[in-house]
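Here, each number is a calculation from the coordinates, and none is a lab measurement. None of the values given here were measured: they were computed from a predicted structure. A quick note on method: Cβ atoms are made from the backbone with ideal geometry, for glycine too, and the neighbour counts reach across all protein chains shown.
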Amino acid sequence: MVKKLTLGKEERLKSRKLIDQLFKEGRSFTVFPFRVYYLFPPAQAPRSNHALLQFGVGVSTRNFKHAVDRNRVKRLIREAYRLQKTPFQELVQSRRSPVAVFVIYTGKELPTYAVVSEKIAVILKRLIKTADEIPPSVA
């Protein structure tokens, strides 16, 4: 069976409440040029339109004045994540614990896809390791 490598609407981190909670209560780490915030929110009643794994991307206006450049960086990050998320997604689904992840690009120059892809792989490995260390009842 072929896995669908998509990043659908339900997988995007859009909830203002969840994003605020992520920045207030979540944990973070840095893999230059990225800052990654993640949160294992308490499991709520399952909602049909929300996936267990939600992902968001941000790029600073301070570093990239033109929206074209910010959008390009965000597209590169989302594409690299979309193609590499499968192992992390399977782990989250097997544990049945929701995860919210937000990646902020902190670099000052436009990155190449190769650099973004390499760093996203490192980020996902670190998130998998972190998720494994948290007991399933807490996560």
Legend entry - Angle between the chain longest axis and helix 113-133 axis [Cα atoms, degrees, rounded to 10]: 20 degrees
Inset, instruction - Subtracting the Cα-Cα distance from 0.36 nm times the residue separation, let me have the gained length for residue 96 to residue 17 in nm, one decimal. - result: 26.3 nm
Legend entry - Label-point separation in nm, residue 108 to residue 35, each point 7 Å along Cα→Cβ: 1.6 nm
Inset, instruction - Can you tell me the 0 to 90 degree angle between the C-alpha axis of helix 86-95 and the longest principal axis of the chain, rounded to 10? - result: 30 degrees
Inset, instruction - Please count, across region 1-122, the pairs of lysine residues with Cα atoms under 15 Å apart that sit 8 or more places apart or on different chains. - result: 8
Inset, instruction - Kindly put 76, 110, 91 in sequence by how many other C-beta atoms sit within 10 Å of each C-beta, fewest to most. - result: 110, 91, 76
Inset, instruction - Compute the long axis of helix 67-84 from its Cα atoms, compare it with the longest principal axis of the Cα atoms of the chain, and write down the angle in degrees, 0 to 90, nearest 10. - result: 40 degrees
Legend entry - Cβ-defined net charge surrounding residue 58, 10 Å radius [Lys, Arg +1; Asp, Glu -1]: +3
Legend entry - Cα radius of gyration and Dmax for the chain (Å): 14.8, 44
Legend entry - Estimated distance in nm for a label pair at residue 83 and residue 67, the labels positioned 7 Å out from Cα along Cα-to-Cβ: 2.8 nm
Legend entry - Where labels lie 7 Å past Cα in the beta-carbon direction, separation of residue 27 and residue 7 in nm: 2.4 nm
